[in-house]
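The structure is given below, and queries will be raised subsequently.
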2 protein chains.
Amino acid sequence: MSEIFVIEEYAVALLLIATLVGIVARRSRMPYTVGLVIVGAALAILYQPFHIEVEPELILGIFVPPLIFEAAFHLPIKELRRNITSILALAIVGVLLTTFLVGGIVHLGSGMDITSAIVFGSIIAATDPVAVIALFGSLGVPKRLQVLLEGESLLNDGTAIVVFNIAVTAAVTGSFDLREGIGEFIFSAGMGLGIGLVLGLVASFIISKVDDYLIETAITFVLAYGAFILAEMIHVSGVLAVVAAGLVNGNIGPRGMSSTTRIVVYNFWDFMSFLANSFVFLMIGLVVDLPLLVDNWRATLWGILAALLSRLIVIYGLFPRSKTLPFRWKHILFWGGLRGAISLALVLGLTTKIGREVSGQLQAMVFGLVVFTLLVQGTSMNWLVKRTGIIHRREERDEYDLRRARASTTRAAYDHLKKIHKEGMISKHVWDIITKTVESYSDELTKSLQEILKQHPNVEAEELDSAWREFLQYQRLALAELLADRGITEDVFNQLSSRIDNQLASSEIAWDSAEKMDRNLWQLGARRTDLRSDSD
Amino acid sequence: MSEIFVIEEYAVALLLIATLVGIVARRSRMPYTVGLVIVGAALAILYQPFHIEVEPELILGIFVPPLIFEAAFHLPIKELRRNITSILALAIVGVLLTTFLVGGIVHLGSGMDITSAIVFGSIIAATDPVAVIALFGSLGVPKRLQVLLEGESLLNDGTAIVVFNIAVTAAVTGSFDLREGIGEFIFSAGMGLGIGLVLGLVASFIISKVDDYLIETAITFVLAYGAFILAEMIHVSGVLAVVAAGLVNGNIGPRGMSSTTRIVVYNFWDFMSFLANSFVFLMIGLVVDLPLLVDNWRATLWGILAALLSRLIVIYGLFPRSKTLPFRWKHILFWGGLRGAISLALVLGLTTKIGREVSGQLQAMVFGLVVFTLLVQGTSMNWLVKRTGIIHRREERDEYDLRRARASTTRAAYDHLKKIHKEGMISKHVWDIITKTVESYSDELTKSLQEILKQHPNVEAEELDSAWREFLQYQRLALAELLADRGITEDVFNQLSSRIDNQLASSEIAWDSAEKMDRNLWQLGARRTDLRSDSD
């Protein structure tokens, strides 16, 4: 057995476990990431071979780039620019404030020496709201608030790593030059962003020149990892390089892509970040060292307290009377400051740099904090979002869904009775009575549905829109199956699928008339003329 | 720098090169895989650090499973079943014949000892037509011919590996028990297929119970690698396990998937097999050892000659006067017998098993053959296909296919919406709007189809012809099933099947009238008269 097989077996086993956790999490409505951490920890305790030593490079070099790239790729640059002041304040001032506040509190509270405490502060300065972002989407949290939290997390990952490196050097050498520190910070962050920017532009340019969805997807893949590797090679921030590359490529690149390519690229990165997240959170659970946590419970508690307090001060103190940041949003920003993969990767890489004893203590504190934020903050976010009342789901939509459910279940039950009647289990006489009643009731239900649709044209529009999308996606699928069965050639497939994809990408709906459907979808008219003129 | 980073850098660099080759190949209309091999070889010669020692486990364990899984996933089981006799003959008898024929020719020609020559025969018995399959799709080669070549390659990968293991054991121990060899072959192949079948069914069942495209994609991923790992763990054929898993999952699994999931899963495996192919063919180039090739040029030439000769004998000899396999198709099957990843992986794993000297010689021979088939057969396939005249693509036929795909996918999507509407998920009001538009549009599509059929009677004739053939073949299949179920006697089966086969062999179509169908097919009239005269 080669080593490759051992790694492969382990990875496939982990993915199998993650898949099962995912299935159970969906049924039990528990956050997926929380389930992964719990199952990971349980596995590590119950079954020794699963307890692993995770190399920090594995997380930083393999799993973090796709996570960051995917998040940056999907972040609309327009939204980001609109909120850039707040985001930069959080990602730069916030990280520095957190580092020193947490360092001070932990030093005073637990008696840890100040340099180690500051290292701890820098380790946990990066937030990781991935566990709640999916929740935000499904609850309908305002887009701008999501962008704030995601943008902060994207940029503070990079700045926190830079600050961490400076803090560790200071802790090891015992000396710190403020001016040199600032210079290093600016150089590392700026060069990282610059490399990502340039590579992102180059990749987007190449993408615009090629039309092959496999090659284009491969280019984004090379870009995500290439930006990271190149930046790390010249010792500047790889994470920030990936952030810049993802932002540029996600906002410029897709313009040069066909709709098919866009769908493939989006889906690919969606799946990559799902894979990376699954592995990272399972590993967070797997590396939890229970005895170490128990031994350091006091310091761990101080760490959690310090993190919460500093987050409180940063969020409510940094924007004391902001007009653009409603007070209720701040609660979400405060409680949404979870910690995750970056903090874990940083603390795992410490052992070789500072003593084993201190790094062990710091590991316990970071694990404790990460698990706390996930289990406590992550699971209560749903409640908080609903409580703060920042989401307004429209009443008429709820009412419509209610009436539709009533109508469709009535219909289903009626159909079921009809079947029984046909089998002779309900007599003709009784059936006539039932029919009369149910039919007229069913009519009423239908009328009450139409009423809403008439009163609220937007509800009708929404339904037409989702039916149009369903129609297109099903056609797309039928086409793929025709190709798989070799019923059509690749050429025909490409011609037709690119039209459907264009429609999927546009916001127009074409239920108005056959002419419009034709114009939007197949352009039969145009084609027919071509043929006719050929034969002329 | 950790080792992980080194591997990552290398992989990203290779993918970058592959992407660039892909871009150039598209522009210059050169086959992608051929370009990869050439660039890989050039890199290895010009720039020493790129010359690598590829672990055979890397190819067999990491790259082959996705290649095989994707191919099996997309192979329609109905088509496979219809051609199963020819495919099994090629994949089992063909592999055994090739092994011994090549072994004999190389032994006699180059003077290599017979056991090593037979090992060589087993190494190159597996075909790998991936470099020409894409070409077939774009040229419009008959579907059945594609399925034949793809099906052969899928199944002979597995059987060749089993034969190879037996041959190596025989070469090392110096003894060979025929009965034991056959037993081992059946056990390894059967158990491998069985494991894949069971896992494929389990995975398809789970997929039908879950509705989350990320989790479902992850399940197919775990299935592909899990089947391979599990089979290899108990020392049976991992490759055949992946074949069975892919076939089952690709034919049953998608039924339990939503449209979105299907698109994501199809695209994901498309990209995975693109990645695996890119790496494998680049590596074929990178491991080419020029001095070794030069030193063994005579044996290499004999190897190529033996491979061509044995392929000639297998293809033209195995089906001497087959009615279902047109003579012209045999040229394509013969020339389409390229060799690739499997042969390479097998020969790279030899060094530890048999002496360094013999394995070096075998490596040179296999590399030489793989590169020859790719560069010579792969690049001339386009010409051959056009030359044999097995494709008749005319503009009006293309246009007809296009319109038919348009009409049928529109119809399918409309039926899908109708189902949703009946389930009450689309309101009556919205449905009325949709119906009106789609119905009139659908009418137009139908009209545009009829238009072509009227203008081009030959297109109509072709469709009638292919429907007639479909009709006959399905009857043939139903007959075989009746016999298998003991619904008819062998005598009845023989009588009826010979009539159908006669019809299949003739070029006449009998859609004109019931009388003509009767006369051509069952001759009911004649029979009836016979009966009457009997009772007289």
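Express in Å², to the nearest 10, the accessible area of residue B:344 obtained by rolling a 1.4 Å probe over the protein heavy atoms while all chains stay in place.
Roughly 0 Å² of residue B:344 is accessible to a 1.4 Å probe.
With a ≥ b ≥ c the root eigenvalues of the C-alpha gyration tensor of segment A:235-287, is it rounded (a/c under 1.5), prolate (a/b larger than b/c) or oblate?
oblate
Using only C-alpha atoms and all pairs of different ones, pull out the Kirkwood radius for segment B:261-309 in Å with one decimal.
13.7 Å
If you don't mind, there's one more thing I want to ask. Using alpha carbons only, how many degrees (0 to 90, rounded to 10) separate the axis of helix B:490-505 from the longest principal axis of chain B?
In chain B, helix B:490-505 runs at an angle near 90 degrees to the longest axis.
Loop only per DSSP, at most 11 neighbouring Cβ atoms within 10 Å: give me the GluC sites (Glu not before Pro) in segment B:363-456, ordered by residue number.
Hits after loop and neighbour filter: B:423.
Right, here's the next one. Using a Förster radius of 22 Å, what is the FRET efficiency between residue A:77 and residue A:143 based on their Cβ-Cβ separation? Nearest 0.05, please.
The calculated FRET efficiency here is 0.95.
Let me ask another. Report the trypsin sites (Lys or Arg not before Pro) located in segment B:295-364 that are in a DSSP loop and have at most 10 other Cβ atoms inside 10 Å of their Cβ, or state none.
Those that pass, being in a loop and sparsely packed, are B:321, B:323.
Evaluate the relative contact order of segment B:282-375 (contact order divided by residue number), counting alpha-carbon pairs under 8 angstrom at least 6 apart; express in whole percent.
It rounds to 47 percent for segment B:282-375.
Would you kindly work out, in nm and rounded to one decimal, the distances from the label point of residue B:297 to those of the same position in each other copy, ordered shortest first, with label points 7 Å along Cα-to-Cβ?
7.9
Run the dipole for segment B:18-123 about the Cα centre, Lys and Arg Cβ at +1, Asp and Glu Cβ at -1, nothing else charged, and hand back the magnitude in debye, nearest 20.
The calculated dipole for segment B:18-123 is roughly 640 debye.
Let's see if you can work this out: charge +1 on each Lys and Arg Cβ, -1 on each Asp and Glu Cβ, no other charges. What is the dipole magnitude of the protein assembly as shown about its Cα centre, in debye to the nearest 20?
Here the protein assembly as shown has a charge dipole of around 2080 debye.
Relative contact order, percent, of chain B when contacts are C-alpha pairs under 8 Å separated by at least 6 residues?
That works out to 19 percent.
OK, next. Please give the FRET efficiency for residue B:514 paired with residue B:447, using the beta carbon to beta carbon distance and R0 = 35 Å, rounded to the nearest 0.05.
0.75
What whole-number distance in Å separates the alpha-carbon centres of segment B:440-477 and segment B:78-119?
Using only Cα atoms to place each centre, the spacing works out to 42 Å.
What size of dipole, in debye to the nearest 20, comes out for chain A about its Cα centre when the only charges are +1 on Lys and Arg C-beta atoms and -1 on Asp and Glu C-beta atoms?
The calculated dipole for chain A is roughly 1820 debye.
Between segment A:201-265 and segment B:201-240, what is the C-alpha centre distance in whole Å?
Value for the Cα centre distance between the two parts: 31 Å.
May I ask you to list the lysines whose Cα is less than 22 Å away from that of residue A:436, ignoring any residue fewer than eight positions away on the same chain?
A:418, A:419, A:422, A:428, A:447, B:422, B:428
Just check the protein assembly as shown against the gyration tensor rule for me: Cα atoms, a ≥ b ≥ c as the square roots of the eigenvalues, rounded for a/c under 1.5, and otherwise prolate or oblate depending on whether a/b exceeds b/c.
oblate
Now, a different point. Tell me the distances, shortest first, between residue A:440 and the same position across the other copies, using label points 7 Å along Cα→Cβ, in nm to one decimal.
Inter-copy label distances (nm, one decimal, shortest first): 3.6.
Could you work out, for segment A:3-388, what percent of all Cα-Cα pairs fall into each 10 Å distance bin, beginning at 0 Å and stopping at the bin that holds the largest distance?
Pair shares across the bins are 5, 24, 34, 27, 9, 1, 0.
So what are the ³J(HN,Hα) numbers for segment A:221-230, from phi and the Karplus equation (6.51, -1.76, 1.60; θ = phi - 60°), rounded to whole Hz, Gly and Pro as x?
5, 4, 4, 4, 7, x, 4, 4, 4, 4
Just subtract the alpha-carbon distance of residue A:327 and residue A:186 from 0.36 nm times their residue separation and send over the number in nm, one decimal.
47.6 nm
Next question. What does the copy distance list look like for residue A:355, label position 7 Å along Cα→Cβ, in nm and ordered from shortest?
Ordered by distance, the counterparts are at 6.1 nm.
Hey, another quick one. Lys/Arg Cβ at +1, Asp/Glu Cβ at -1, dipole of segment A:183-319 taken about the Cα centre: which of A:291, A:249, A:317 is farthest positive-ward?
The residue sitting most towards the positive pole is A:317.
The values are calculated or read from the model by the stated rules, or taken from the named source; none is laboratory data. Just so you know, these numbers come straight off a predicted model, no measurement behind them. Cβ: placed from backbone, ideal geometry, glycine included. Neighbour counts: every protein chain shown. What goes into the accessible areas is simple: the full protein's heavy atoms, side chains included, and nothing from ligands, DNA or RNA. Shrake-Rupley method; radii C 1.70, N 1.55, O 1.52, S 1.80 Å.
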